[in-house]
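**Q** Pasting a structure below so you can have a look.
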Amino acid sequence: MSFINKIKEIYRYRHMLFTLVKQDINGRYKGSIFGFLWTLLNPLFMLLVYSVVFSIVFKSNIENYPIYLFVCLMPWNAFNTMIGGGTTCVSNNASIIKKVYFPREVLPLAVVISNTIQYFFSLVITFIALLVSGIGITWYAVFLPLVILVQVVFAFGLILMLSAANVYIRDVQYMMNPIMMIWMYASPILYSISMVPEKWQALYRLNPMVTIIQGYQNLLYDRTLPDFKALGIVLLISLGICVIGYLVFNKLQRRFAEEV
Amino acid sequence: MAKRKSKKGEDIAISVKNVTKEFTVYEDKSYFLKEKIGHLGRNKKRKHVVLKDVSCDIKKGQSVALIGVNGSGKSTLLKLLNKIIFPEKGEIEINGKVSSMIELGAGFNTDFTGRENIYFNASMYGLGKKDVDPIIDKIIEFSELGDFIETPVRTYSSGMYMRLAFSIAVNVQAEILLIDEILAVGDAHFQAKCLNKMKELKEEGKTMVFVSHNITQVKSFCDRALWIRDGEIVMDGETDKVLDEYIKVQG
């Protein structure tokens, strides 16, 4: 099936996509009293704990460390949750894959969309934190959607590969836990980029998440323009990963119903 | 692609050309890398050919029964037509929107109400809210679920579950219906209602492919029968003739 036809077909199944997204968002907190509010409450508690721990117990050289941490950790958590949910999105839906036809790409797409929506909501807490701490929000924040776009495109490409591979080899989903942990420490979340020794900087910056996280820091914490060139390069790389991911997914999906 | 027109013209709904389907049978199915590596070089899998070079054309509006003993490949053919699985060799062309009743109620989210599941299930057939709204009352009425439609599907009995699923599958305005042994839905009263509905759909000119072991149902319903044995079509023709021969051989 050609790429154009695939797009047309996914468009025909857009209702299914929307319903999956809606179910994911509504269903996640089904039966709970606070419901969707948990999307906001989780980061809020996280922020409270950081503020207490890092301003009383541990002192960091980084100014306003709780806020710094929060600005970087929110996008990382979103990325982490998206990759985690994305990796298992095909294998966890074995029951429908075995029984119903639909373009399988709908599953990773739904994970990415629903997580992006929830991420947008949780950003509200980031903004509140910035305002309350006195750092404030500047007009640079209008570029936030650009950084989020780069992050989401990057994640989507990875998810296409991971979700398809996980159907054949279940180790993928367990392998992701240590990988994501290592990846987090290889990104400027708990520390700042300037703390990385000069001779490692070039290697360090090969990690696309460095550029992405730095984008958030620039816009929200430093209140400067982000490095558009670096972001543009990461976007191109991410699109390349999406193309490879699509080819891998397309190749592997023919036997999903038999392998899952 | 479903929209592609067949070479002989538009009146062919389903065209199956030289289709071969093999399954890899693992003696010990491994999902994990350690096992996969451990199994390398050992003969733990073998190929099982389920369909051998099968070809057939089904015209629009025809009702075709697939008959044969268990394990002959009928359900595999049906799954191939539904594009859940893909053949190793050969081609399958489908002209028209497919509604499958292979596994009724697959994809129901049991935490959601019957009504919510109607929208979700219909979306798997490509129907949006605007398409479902005009027919939802018809679906609910047909299912005879009454007020239960507002309660989560996990509270349903298996009969209620099947009734809801059947009601959706027959009401989504598909052109081709693929049906696997499902006319065992609910009690005698609901079964009769299902059969009537199927006849109605047949008269509307829908194409149907059936897998059934119920000889009486097949006789009353299908114009044509394909007898599949060990993955090959051994006989193709009028229902009565094929059934007579089938009964003679299989007893």
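**Q** Given (1) within 14 Å of another protein chain (Cβ to nearest Cβ); (2) under 20 Å from the mean Cα position of the chain (by Cα); (3) within 23 Å of B:LEU201 (Cα to Cα), where does B:VAL64 come up short, assuming only one miss?
**A** (1)
**Q** May I pose another question? With respect to A:SER55, determine if the residue is within 26 Å of A:VAL112 (Cβ to Cβ) and either buried (at least 16 other Cβ atoms within 10 Å of the Cβ) or over 18 Å from the mean Cα position of the chain (by Cα) (or both).
**A** On the way: within 26 Å of A:VAL112 (Cβ to Cβ): no; either buried (at least 16 other Cβ atoms within 10 Å of the Cβ) or over 18 Å from the mean Cα position of the chain (by Cα) (or both): yes.
So A:SER55 fails the test.
**Q** Test B:ASN95 against the criterion of being at the interface with another protein chain (Cβ under 8 Å from one of its Cβ atoms), within 16 Å of the chain's Cα centre (by Cα) and closer than 28 Å to B:ASP57 by Cα, and give yes or no.
**A** No, not satisfied.
**Q** On to the next question. Say whether the condition of being more than 23 Å from B:VAL242 (Cα to Cα) and among the aromatic types (Phe, Trp, Tyr) is met by at least one residue in the stretch B:186-196. Outline the logic, then answer.
**A** Within the stretch B:186-196, the subset more than 23 Å from B:VAL242 (Cα to Cα) is B:186-194, B:196.
Still in the running and among the aromatic types (Phe, Trp, Tyr): B:190.
Checked against the condition, which is being more than 23 Å from B:VAL242 (Cα to Cα) and among the aromatic types (Phe, Trp, Tyr), the stretch B:186-196 yields at least one hit.
**Q** Taking only the stretch A:9-30 into account, find how many residues are within 8 Å of another protein chain (Cβ to nearest Cβ) and of a type outside the set (A, V, I, L, M, F, W, C).
**A** Selection size over the stretch A:9-30: 9.
**Q** Do any residues in the stretch A:1-29 that are crowded, with 17+ Cβ neighbours inside 10 Å have Cβ atoms under 7 Å from those of residues that are among the polar types (S, T, N, Q), where the two are at least six apart or on different chains, and which pairs are they?
**A** Listed pairs, sorted by first residue: A:HIS15/B:SER123; A:MET16/B:SER123; A:THR19/B:SER123; A:VAL21/A:SER114; A:GLN23/B:ASN109; A:ASP24/A:SER114; A:ILE25/A:SER114; A:ILE25/A:GLN118.
**Q** Taking the stretch A:219-254 only, how many residues are closer than 21 Å to A:PHE156 by Cα and either within 14 Å of chain B (Cβ to nearest Cβ) or not in a helix (DSSP H, G or I) (or both)?
**A** So the count comes out to 5.
**Q** Could I ask something else about it? Within the stretch A:49-106, work out how many residues are of a type in the set (A, V, I, L, M, F, W, C), part of a loop (DSSP other than H, G, I, E, B) and out of contact with any Leu (no Cβ under 6 Å at 6 or more places or on another chain).
**A** Filtering the stretch A:49-106 down to residues of a type in the set (A, V, I, L, M, F, W, C) leaves A:49, A:52-54, A:56-58, A:62, A:67, A:69-74, A:76, A:78-79, A:82-83, A:89-90, A:94, A:96-97, A:100, A:102, A:106.
Next, only the ones that are part of a loop (DSSP other than H, G, I, E, B) stay: A:58, A:62, A:89-90, A:100, A:102.
When the remaining residues are screened for being out of contact with any Leu (no Cβ under 6 Å at 6 or more places or on another chain), the result is A:58, A:62, A:100, A:102.
Selection size over the stretch A:49-106: 4.
**Q** Within the stretch A:222-260, count every residue that is of a type in the set (Gly, Ala, Ser) and in contact (Cβ under 8 Å) with a residue 60 or more places away in the chain.
**A** Filtering the stretch A:222-260 for residues of a type in the set (Gly, Ala, Ser) gives A:230, A:232, A:238, A:240, A:245, A:257.
Those still in the list that are in contact (Cβ under 8 Å) with a residue 60 or more places away in the chain too: A:238, A:240, A:245, A:257.
Selection size over the stretch A:222-260: 4.
**Q** I'm checking my understanding of the structure. Among residues of the stretch B:120-138 that are touching a residue at least 12 places away in the same chain (Cβ under 8 Å) and not in a helix (DSSP H, G or I), which one is farthest from A:ASN93 (Cα to Cα)?
**A** Taking the candidates together, the pick is B:ILE135.
**Q** Being basic (Lys, Arg) and modelled with pLDDT of 90 or more is the requirement here; does B:LYS60 meet it?
**A** Yes.
**Q** For the stretch B:131-173, name all the residues that are among the small types (Gly, Ala, Ser) and either surrounded by fewer than 22 Cβ atoms within 10 Å (Cβ to Cβ) or more than 23 Å from the chain's Cα centre (by Cα) (or both).
**A** The answer is B:GLY146, B:SER157, B:SER158, B:GLY159.
**Q** Among (1) touching a residue at least 24 places away in the same chain (Cβ under 8 Å); (2) part of a loop (DSSP other than H, G, I, E, B); (3) not charged (D, E, K, R), which single condition is B:ASN117 missing?
**A** If we test B:ASN117 against (1) touching a residue at least 24 places away in the same chain (Cβ under 8 Å); (2) part of a loop (DSSP other than H, G, I, E, B); (3) not charged (D, E, K, R), just (2) comes out false.
**Q** Continuing with this model, one more query. Among the residues of the stretch B:123-139, what is the count of those that are facing chain A (nearest Cβ under 10 Å) and out of contact with any Gly (no Cβ under 8 Å at 6 or more places or on another chain)? Please lay out each step first, then the result.
**A** Step one: of the stretch B:123-139, the residues facing chain A (nearest Cβ under 10 Å) are B:123-132.
Next, from what is left, pick out any that are out of contact with any Gly (no Cβ under 8 Å at 6 or more places or on another chain): B:123, B:125-132.
Residues in the stretch B:123-139 being facing chain A (nearest Cβ under 10 Å) and out of contact with any Gly (no Cβ under 8 Å at 6 or more places or on another chain): 9 in total.
**Q** Right, next: With A:TYR216, A:TYR191, A:TYR221 as the choices, which residue is aromatic (Phe, Trp, Tyr), closer than 24 Å to A:PHE54 by Cα and within 18 Å of the chain's Cα centre (by Cα)?
**A** A:TYR216
**Q** Can I ask one more? What's the number of the condition A:ASN92 fails, among (1) more than 14 Å from B:GLY107 (Cβ to Cβ); (2) within 14 Å of chain B (Cβ to nearest Cβ)?
**A** Of the numbered conditions (1) more than 14 Å from B:GLY107 (Cβ to Cβ); (2) within 14 Å of chain B (Cβ to nearest Cβ), the odd one out for A:ASN92 is (1).
**Q** Considering only the stretch A:45-89, how many residues are over 30 Å from A:ALA165 (Cβ atoms) and of a type in the set (S, T, N, Q)?
**A** 5
**Q** Every residue in the stretch B:79-92 that is touching a residue at least 60 places away in the same chain (Cβ under 8 Å) and within 9 Å of chain A (Cβ to nearest Cβ), please.
**A** Matches in the stretch B:79-92: B:ASN82, B:ILE85.
**Q** Just a yes or no: is a residue in the stretch B:2-12 modelled with pLDDT under 85, within 20 Å of the chain's Cα centre (by Cα), of a type outside the set (Gly, Ala, Ser) and closer than 30 Å to A:TYR13 by Cα?
**A** Start the filter on the stretch B:2-12 by keeping residues that are modelled with pLDDT under 85, which leaves B:2-10.
Then keep just the ones that are within 20 Å of the chain's Cα centre (by Cα); that gives B:2-3.
Keeping just the survivors that are of a type outside the set (Gly, Ala, Ser) gives B:3.
The next check asks that each one be closer than 30 Å to A:TYR13 by Cα; those that pass are B:3.
Taking every residue of the stretch B:2-12 in turn, at least one turns out to be modelled with pLDDT under 85, within 20 Å of the chain's Cα centre (by Cα), of a type outside the set (Gly, Ala, Ser) and closer than 30 Å to A:TYR13 by Cα.
**Q** If you check A:VAL152, A:VAL112, A:VAL132, A:VAL142, which single one turns out to be touching a Ser or Thr at 6+ places or on another chain (Cβ under 9 Å) and not hydroxyl-bearing (Ser, Thr, Tyr)?
**A** A:VAL152
**Q** Can I ask one more? How many residues, within the stretch A:175-231, are aliphatic (A, V, I, L, M) and surrounded by 14 or more Cβ atoms within 10 Å (Cβ to Cβ)?
**A** Start the filter on the stretch A:175-231 by keeping residues that are aliphatic (A, V, I, L, M), which leaves A:175-176, A:179-182, A:184, A:186, A:189-190, A:193, A:195-196, A:202-203, A:206, A:209-210, A:212-213, A:219-220, A:225, A:230-231.
Now drop any that are not surrounded by 14 or more Cβ atoms within 10 Å (Cβ to Cβ), which leaves A:175-176, A:180, A:184, A:186, A:189-190, A:193, A:196, A:209-210, A:212-213, A:219-220, A:230-231.
Total meeting the criteria: 17.
**Q** How many residues does the stretch B:28-48 hold that are away from every other protein chain (no Cβ under 14 Å) and either under 30 Å from B:ILE92 (Cα atoms) or at pLDDT 90 or above (or both)?
**A** First, the residues of the stretch B:28-48 that are away from every other protein chain (no Cβ under 14 Å): B:28, B:41-44, B:46.
In the following step, the residues that additionally are either under 30 Å from B:ILE92 (Cα atoms) or at pLDDT 90 or above (or both) were identified as B:46.
Here the count works out to 1.
**Q** Just checking, which of A:MET181, A:MET175 is free of Cβ contacts under 8 Å to residues at least 60 places away in the same chain, over 30 Å from B:LYS83 (Cα atoms) and within 14 Å of another protein chain (Cβ to nearest Cβ)?
**A** Values: A:MET181 fails: within 14 Å of another protein chain (Cβ to nearest Cβ).
Selected residue: A:MET175, the only one of A:MET181, A:MET175 that is free of Cβ contacts under 8 Å to residues at least 60 places away in the same chain, over 30 Å from B:LYS83 (Cα atoms) and within 14 Å of another protein chain (Cβ to nearest Cβ).
The values are calculated or read from the model by the stated rules, or taken from the named source; none is laboratory data. What you see is a predicted model, and the numbers here were worked out from it, not measured in a lab. Using ideal geometry, Cβ is built from the backbone for each residue, glycine included, and neighbour counts are taken over all protein chains shown.
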